[in-house]
1. Projecting each Cα onto the charge dipole of the chain (Lys/Arg +1, Asp/Glu -1 at the beta carbon, about the Cα centre), which of Gly150, Pro362, Ile231 comes out farthest on the positive side?
2. Excluding residues on the same chain fewer than 8 positions from Lys233, give the aspartates and glutamates whose Cα lies under 20 Å from its Cα.
3. Cα centroid distance between region 70-137 and region 185-238, in Å?
4. Mind checking which of Asp287, Asp117, Asp37 has the largest fluctuation in a GNM of the chain, springs on alpha carbons under 10 Å?
5. Which whole-number percent is the relative contact order of region 14-351 (Cα, under 8 Å, 6+ apart)?
6. Under the rule of at least 5 residues apart or a separate chain, name every residue whose amide H is placed under 5 Å from the amide H of Ala358.
7. If the only charges are +1 at each Lys and Arg Cβ and -1 at each Asp and Glu Cβ, what is the size of the charge dipole of region 14-351 around the Cα centre, to the nearest 20 debye?
8. Exposed loop sites here are GluC sites (Glu not before Pro) in DSSP loop states with at most 11 other C-beta atoms within 10 Å. What is the longest stretch of the chain lacking them?
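Every number in this text was worked out from the coordinates using simple rules, so none of it is lab data. The model shown is predicted, which means the values in this text are computed figures rather than measured ones. All Cβ positions, even for glycine, are placed from backbone atoms using ideal geometry, and neighbour counts span all protein chains on display.
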Amino acid sequence: MKTAVLAGCVLTAFAAEPPQAIRQGLSKHNRAVWVKDGWVRDPFIALALDGYYYYTGTTQTPGKPEETYNTGLGPKSLVGWHIQAWRSRDLVEWESLGTPFSLEDGIWYKAERGRFDETVRSEWRLWAPELHWLGDRWALVHTSPVPVRGANLSLTSGSELKGPWTNPLGASVGIRHDPSLFKDDDGVWWMIWGATEIAPLSKDFTKFAADPVKIGPSGAFAKMGHEGCLIKKIAGKYVLFGTGWSTGQMRKGSYNLYYAVADKITGPYSERKFVGRFLGHGTPFQDKQGRWWSTAFYNANVPPVSAEGIQGRDLSADAQTINQQGLTLVPLDVRVNKGELLIRAKDPRYASPGPDEAQKFPVTRR
């Protein structure tokens, strides 16, 4: 751990790799880089107009000792009920922004206060937060199973990532698993959730502007997976990303990232295509040089397995990964080849489906 002062801010680098190795890895853009330690699931990164990368994710209760290989699932979950956030100029040194939001800032704490009062705080859970810059303020979305099963769409009052928060959709935000936001070229914001439904939001975020539409890939595998869905606009195409286990069975095999492509946000979408092994619930994002990366994290029932020979190893016996605990960034090759948008991890350890993959993908020519 190193500390430094930059523009009056104390920066703390919880780097899993040494800072110089991280800088070299980020510069080369050809291998996975383990950039930050600390228990996390569903890591989300966005590059904002202020030049900072903002990072958040599902985290354990702040201030308590972290349990490295806690899955975050079931009665032994250590997932907390606050959002922790960090920012960085270079993806190497990270400034903590503390806990700018908690379940007490959401709509359900107000609408269903009794449910919160009757549930001990150690059992409150906040999952899969995302941060989106609206142009003048921040929007935050997340899901929660306890004390109330529901989502939140919350807005800051100004440009700083802090309260007070408003909840313009109110309780109509409802139960929406892993909500995400996407701004289309016409300025309309859409909410994406589940695997997968989408709906446009009104300009003031107080209501859905139309009924939800179900979208997903075509062909034999007509679902993206079961969670972690989001939309990006790349090369003029709508790209739906989604997450599933390689075997098609819950917590069996590797946790992978897939995509499908469409000319309209409502589809129809292409067949499901493969982004990368061990990239499930990752966030594809562009760095300041315009290069694409995906976030990755530890999600398994056993400690990380060796990456040696991983391409040919069948992992179907259990939930397994090569990712260490913390935030890993995996470079993506994003290109258009003969009119087809191709997105694939560049690191060979992530780039190919394993023998446990239920769907058979065509070989991608790079």
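1. Result: Pro362, furthest along the dipole toward the positive end.
2. Glu130, Asp178, Asp184, Asp185, Asp186, Glu197, Asp263, Glu271, Asp287, Asp333, Glu340
3. 23
4. Evaluated over the chain, the most mobile residue of the options is Asp117.
5. It comes to 14 percent, rounded to a whole number.
6. Thr247, Gly248
7. Roughly 660 debye for region 14-351.
8. 161-307
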